[in-house]
1. If you check every pair at least six apart or on different chains, which have Cβ atoms under 9 Å apart with a residue in the range 101-118 that is at positive phi and in the same structural domain as residue 55 (by TED's automatic domain parsing) first and a residue that is crowded, with 22+ Cβ neighbours inside 10 Å and part of a helix (DSSP H, G or I) second?
2. For residues that are in contact with a helix residue (DSSP H, G or I) (Cβ under 9 Å, 6 or more places away or on another chain) and surrounded by fewer than 18 Cβ atoms within 10 Å (Cβ to Cβ), scanning just the range 15-26, find the one that is farthest from residue 62 (Cα to Cα).
3. Given the conditions (1) at pLDDT below 90; (2) assigned to a strand (DSSP E or B), which single one is not true for residue 3?
4. Take the range 57-80 and flag every residue that is more than 11 Å from residue 40 (Cα to Cα) and modelled with pLDDT of 90 or more.
5. Say we look at the range 81-92 and pick out the residues that are more than 11 Å from residue 57 (Cβ to Cβ) and surrounded by 15 or more Cβ atoms within 10 Å (Cβ to Cβ); which of these is modelled with the highest pLDDT?
6. Considering the range 36-80 alone, what residues qualify as being surrounded by 21 or more Cβ atoms within 10 Å (Cβ to Cβ) and in a loop (DSSP other than H, G, I, E, B)?
7. Just give me the residues in the range 126-167 being in a helix (DSSP H, G or I), surrounded by fewer than 22 Cβ atoms within 10 Å (Cβ to Cβ) and at pLDDT below 90, in sequence order.
């Protein structure tokens, strides 16, 4: 039996952005765009009335903001759950934190992550975190600061000590190959090899998903291994595109 299509609502006050997103999603299999709105209040109303699975939410809209609309949708105790992916032009720490506080499952940049949008929607519909590589460090720092809530209880026994060490370092907010190599005192080649092995064993697709997995599971280095300070400076992720959790102010939303 063919699974039901993911019901997506687009919320953005820029008509050209809405049209571009709709054209892209209309061509994707397994996704149905159920509507377009230009403000937060309409996003809440239409998402509930049309039973949206995923809402693509702009942060800056007239009237009710994207963060306020996200909070309304994710705080609802009745009806089907709605996953909100914030889509904006800004990689500003305050925006990222506001989106997480409001309950968004993802944060993508319009100018950077469009080629990953379909995969992001599919991941959000499964309940997974979806984060642009450009804001991965900010999201991971915020997860660490909050204590990552309840751990997931995934089986960690399949990871070697070296793989646990690199996952723990990723989860602390260090994300680039060079920064990982410096923190762990290994070569970049070793970092890449251990990352690929850990990704294969966990069934995840990229380093930010692995980092989020590590945070949720409270992965720590084996006793005696060097720990990395979670509050230390964070290097930006190097992988282009969206990692599976901005342009400067003034750029078009």
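1. 103/70; 103/73
2. As a first pass, look at the range 15-26 and keep what is in contact with a helix residue (DSSP H, G or I) (Cβ under 9 Å, 6 or more places away or on another chain): 20-21, 24-25.
Still in the list and also surrounded by fewer than 18 Cβ atoms within 10 Å (Cβ to Cβ): 20, 24.
Values: 20: 20, 24: 25 Å.
So the residue we want is 24.
3. So residue 3 meets the others, but not (2).
4. Start the filter on the range 57-80 by keeping residues that are more than 11 Å from residue 40 (Cα to Cα), which leaves 74-80.
Matches in the range 57-80: none.
5. Quick first cut of the range 81-92, residues more than 11 Å from residue 57 (Cβ to Cβ) only: 81, 89-92.
Now drop any that are not surrounded by 15 or more Cβ atoms within 10 Å (Cβ to Cβ), which leaves 89-92.
Numbers: 89: 84, 90: 76, 91: 72, 92: 73.
Per the stated criteria, the residue is 89.
6. Once the filter is applied, which keeps residues that are surrounded by 21 or more Cβ atoms within 10 Å (Cβ to Cβ) and in a loop (DSSP other than H, G, I, E, B), the range 36-80 yields 52, 53, 58, 59, 61.
7. Once the filter is applied, which keeps residues that are in a helix (DSSP H, G or I), surrounded by fewer than 22 Cβ atoms within 10 Å (Cβ to Cβ) and at pLDDT below 90, the range 126-167 yields 141, 142, 144, 145, 146.
The values are calculated or read from the model by the stated rules, or taken from the named source; none is laboratory data. Since this is a predicted model, take the numbers as computed values, not measurements. All Cβ positions, even for glycine, are placed from backbone atoms using ideal geometry, and neighbour counts span all protein chains on display.
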